[in-house]
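Comments concern the structure below.
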Amino acid sequence: MPHALIVDDDTEVLEWLGQIVRGEGFTTATADSLRNARAQLVRQAPDVLFTDLQLSDGLGTDLVDDLESRAQTEVVVITGHASIDSAVQALRLGATDYLTKPVDIDRVLAILRRVPKSTELRVEIGELRKELRTLGRFGLLMGGSPPMQALYDQLNRVAPTSATVLLIGQSGTGKELAAQTVHQLSRRKRAPFLAVNCGAISPQLIESELFGHEKGSFTGADRQHKGFFERANGGTLFLDEVTEMSKDLQVKLLRVLETGTFLRVGLPQPIVTDVRVIAATNRQPEKAVAEGRLRDDLYHRLNVFPIQMPSLRERGPDIELLAQYFLDMFNNDEGTHKRFSQDALNRLYDYAWPGNVRELKNCVHRAFIMADEVIGPLRAEEPPGSAVEADSALLTVRVGTPLDDIERRLTMATLAQCGNVKRRAAEILGISVKTLYNRLEAYAASDSAAREILGADGLHQELH
């Protein structure tokens, strides 16, 4: 049988909470202090630990460090003050969930019913974490660069908790894949994972989509409809582009996050739901709050565990890794054996990839379709090497890249940054205009962009 440890210095809380826990098929042990709780932990490791935050001899979250296997125990902190600060404090100190006094029995039951009832499931989740964190991959994400390794560490730490996660990043960086990975590594992995794009649903329909509606509640409601929060019960709900949600709906979302209940449109009785919310935005949330797009109280409730998704241009060698992965995928689908030229691989790093991984995949797909056997330098909307983001002016270079190639890429990127004004580019590079032309003439044999920049009479116009 699963085992629960309840720690509180209030004997009445110990008694009634113990009755509820035993009623769900758990064996129970109780303690009224940290000292007694530690003695109980030595006797038997619990599957779930309920502890008051403030105890006579310390904080209940101090017990987290005493657990033999942190990932196998659901740690639920009970706080006496229903505030965002106390909830965030509990989660950051190591809790996987929190309750506020007076404790809602339905919330307790929801927590107990998601606790794995056998060691087999706990072992399965632990093994899954090991399998997913292989070289260059983690869950549904791919890449071995330092920014991705830092991301993997954050996802691995937050996944076993019940903390709300806020994913922040540009379009195409893989926010939904990150959310799915968190779900796969959590105790909710066998329950639904549902995703909803808050910016893609009309304002008139999104409330019904999220919370559902009763038959006849509005014109066209010819049947009862269960919304995302109801269908995702016990699992994870991914809310993409959450800053595009109307202010009125943000109030209702805040209520669900704080109370675990919502109102179906046309139904006066609240419905209890046990859903973990992972939200995402491609805006900077603080700026969205300042602009009035996102309520300040909702922002703080979503921002319990913020994660910044790295852009593709920050990921260095992952660009080549991903391009090869997409090419292998297309080759496998079509039964072909196409490959990149070495020049194509080198030129991948010349482009800023503002559309991130999604843009890279589309670009590889187009090049795959157009190529016979060998794929040359990829062409996005702007040719790689002729586009650098104005606000970043970054150039990523792989370790081991030949100096001649670095010089070529830097020269072409500087020209692009200067709008192909050669005299200005030469000044920035610290060379003469004639030297710049000599470089362009050397590049022109294999670089169409250099040929275009040279022009028929460019040398005469610049030097005379």
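The values are calculated or read from the model by the stated rules, or taken from the named source; none is laboratory data. Please read these numbers as outputs of a predicted model, since none were measured by experiment. FYI the Cβ positions are ideal-geometry reconstructions off the backbone, even for glycines, and counts take in every protein chain you see.
So is LEU249 at pLDDT below 90 and farther than 10 Å from PHE211 by Cα or not? So LEU249 fails the test.
Just so you know, in segment 49-64 the residues that are hydrophobic (A, V, I, L, M, F, W, C) and farther than 17 Å from GLU12 by Cβ include one that is modelled with the lowest pLDDT, and it is VAL64. Going by what's in this entry, would ASP222 be described as among the charged types (D, E, K, R), not in a helix (DSSP H, G or I) and not assigned by TED's automatic domain parsing to the domain that holds LYS361? Taking the combined requirement at face value, the residue satisfies it.
If you take the residues of segment 25-57 that are surrounded by fewer than 18 Cβ atoms within 10 Å (Cβ to Cβ) and within 34 Å of the chain's Cα centre (by Cα), which of them is farthest from GLU74 (Cα to Cα)?
Applying the filter and picking the extreme gives GLN54.
Do we have GLU258 as closer than 23 Å to PRO102 by Cα and modelled with pLDDT under 90 here? Yes, satisfied.
Looking at segment 254-269, is at least one residue assigned to a loop (DSSP other than H, G, I, E, B), crowded, with 16+ Cβ neighbours inside 10 Å and basic (Lys, Arg)? Yes, the conditions are met somewhere in segment 254-269.
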